[in-house]
Amino acid sequence: MKIALAILTLLSSFSLLYFFVVAALAIVGARLEVKLPSSQSSLLRGSRDGGPYTERGKELMARYYRSLFLVFASGAVMVASGAGYVYLRDGAVGPSPFKSPAFIAAPAIVFGNALIAFLGCAVWLLVCLAGATLRKRRSQPTSDAQRRQIIKSLQWTAGCFVVAALSLVIMRHQ
């Protein structure tokens with residue numbers, strides 16, 4: 001149990017750093033992707049194009065908000081698993097944080113959600129791979145966007161599997 005909590009703490013701290021850097025790079029990139037002002041009035045321009053950012057800038061802003069949410073989620077996981085690890089490392093003295101109903105239910109909830117997410121990501125990965133196979137059979141090239149989608153779905157599938165496995169280990173040792 002102590003090893004699983006230590007691994008979870010380490011992974012969540014690395015993911016916190018990663019998502020923080022991604023968020024910082026995304027907001028800087030989005031600020032650089034501002035549309036040049038046109039000769040139209042600002043009211044007409046704002047209602048027609050949906051904002052001051054180019055399409056790439058809008059994608060970067062979406063990445064920024066998604067990464068910012070994941071920074072806070074990683075931080076919460078890091079604090080919770082780190083507290084559990086320190087409690088076990090110190091010889092389990094004092095009131096146990098593992099006896100609280102929130103800590104007892106949290107791994108089961110995380111496991112259920114991660115398992116559902118893993119199954120969804122795995123199905124989407126299979127759909128992407130089937131589409132790539134069909135395109136290959138038809139001798140059509142696979143675009144960069146389709147490759148990125150396959151890689152992203154593979155990353156999400158692996159990530160959901162790791163989270164489900166770690167939460168299952170924690171549930172078994174409670």
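Odds and ends about this structure:
- For the range 121-145, a tally of residues being free of Cβ contacts under 8 Å to residues at least 24 places away in the same chain, part of a helix (DSSP H, G or I) and open to solvent by 30 Å² or more (accessible area, probe 1.4 Å) returns 12.
- Here Arg148 meets each of (1) exposed (fewer than 14 other Cβ atoms within 10 Å of the Cβ); (2) over 24 Å from the mean Cα position of the chain (by Cα); (3) assigned to a helix (DSSP H, G or I) with one exception, condition (2).
The values are calculated or read from the model by the stated rules, or taken from the named source; none is laboratory data. Worth saying up front: this structure is predicted, and the values here are computed from it rather than measured. When we count neighbours, we look across all protein chains shown, and the Cβ atoms used for this are built from the backbone with ideal geometry, even at glycine. Surface areas here come from the heavy atoms of the whole protein model, side chains and all, with no ligands, DNA or RNA. Shrake-Rupley method; radii C 1.70, N 1.55, O 1.52, S 1.80 Å.
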